[in-house]
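Q: Before I ask anything, here is the structure I am working with.
Nothing in this text is a laboratory measurement; each read-out follows from the coordinates by a stated rule. Just so you know, these numbers come straight off a predicted model, no measurement behind them. Backbone-built Cβ (ideal geometry, glycine too); neighbour counts: all protein chains shown.
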Amino acid sequence: MAATTVINGLEELKSRVGEELGVSDWFEVTQESVDAFAETTGDHQWIHVDPERAKDTPFGGTIAHGLYTLSLGPRFSYALFEIRGAAFGLNYGYDRVRFPAPLPIGSRVRMRATLSAAVEVPGGVQFTVTQTFEREGGDKPVCVADAVARYYGG
């Protein structure tokens with residue numbers, strides 16, 4: 001699937017600070033995908049992987065790991081925007097990351113991406129995309145993170 005927003009070059013990237021880059025399609029969070037995440041990370045905390053025990057919590061069932069939600073960022077980003085005219089890009093990290101609400105298994109989640117900052121660094125541009133993960137029917141985000149990346153040359 002092609003990205004919905006195409007940014008041509010690092011100069012255009014810098015000029016688009018403050019713009020929303022798009023909103024992804026909905027993605028269903030399944031117990032199987034959360035179990036696979038738990039297996040990969042070694043995080044088998046029961047609130048994520050034991051539906052029977054989790055029934056008795058205020059959530060009424062299992063919820064996704066916060067880091068599972070955050071890990072969906074690249075999937076959604078690739079669908080939302082593409083930066084052309086750069087030699088390569090690198091993930092530089094995250095600034096602020098918060099999980100304001102749980103993400104129950106069986107929910108659908110999507111991501112809204114906004115270009116928050118773009119500054120020159122030697123050989124390229126460092127930019128920040130605010131990723132807001134929304135649960136369908138939820139009244140507040142399940143995750144808000146400032147993803148920082150660098151794109152070089154072109």
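Q: If I take R0 = 22 Å and measure r between the Cβ atoms of Val121 and Gln45 in this structure, what FRET efficiency does the formula 1/(1 + (r/R0)^6) give, to the nearest 0.05?
A: 0.05
Q: Once the Cβ-Cβ distance between Asn91 and Asp56 is put in as r, and R0 is 35 Å, what FRET efficiency do you end up with, to the nearest 0.05?
A: Computed FRET efficiency for Asn91 and Asp56 comes out at 0.35.
Q: Using only Cα atoms, locate the centre of the stretch 70-88 and the centre of the stretch 91-138, then give the distance between them in Å, rounded to an integer.
A: 11
Q: Rounded to the nearest 5, what % of the DSSP beta bridges within the stretch 1-112 are antiparallel ones?
A: Close to 50 percent.
Q: Something else: Just to check I understand the Karplus step: with θ = phi - 60° and J = 6.51 cos²θ - 1.76 cosθ + 1.60, what whole-Hz values come out for the stretch 135-142, glycine and proline as x?
A: Result, ordered by residue: 8, 4, x, x, 9, 8, x, 8 Hz.
Q: Still on this structure, please answer the following. Please arrange Leu67, Leu10 by how many other C-beta atoms lie within 10 Å of their C-beta, fewest to most.
A: In increasing order of surrounding Cβ atoms, one gets Leu67, Leu10.
Q: What is the sum of charges around Pro141, taking Lys and Arg as +1, Asp and Glu as -1, for the other residues whose C-beta is under 10 Å from the C-beta of Pro141?
A: Summing Lys and Arg as +1 and Asp and Glu as -1 gives +2.
Q: Pick out, from Pro122, Ser33, Tyr68, the residue whose Cα sits farthest towards the positive end of the charge dipole of the stretch 5-152, with +1 on the Cβ of Lys and Arg and -1 on the Cβ of Asp and Glu.
A: Highest projection toward the positive end goes to Pro122.
Q: Once you sort the root eigenvalues of the Cα gyration tensor of the chain as a ≥ b ≥ c, which label holds: rounded (a/c under 1.5), prolate (a/b larger than b/c) or oblate (the other case)?
A: prolate
Q: Follow-up question, since we're still on this one. Note down the net charge around Trp46, summing +1 for each Lys or Arg and -1 for each Asp or Glu among other residues with Cβ under 13 Å from its Cβ.
A: Here the count lands on -3.
Q: Let me ask something else about it. Residue by residue, what Karplus-based ³J(HN,Hα) values in Hz, rounded to whole numbers, does the stretch 80-90 have, using 6.51, -1.76 and 1.60 with θ = phi - 60° and x for Gly and Pro?
A: Values per residue, Gly and Pro as x: 8, 8, 9, 10, 9, x, 10, 5, 6, x, 9 Hz.
Q: To make sure I understand, if each residue's beta carbon is the centre and we count other beta carbons within 10 Å, what order do Phe88, Phe37, Phe59 fall in, fewest to most?
A: So the residues, fewest neighbours to most, are Phe88, Phe59, Phe37.
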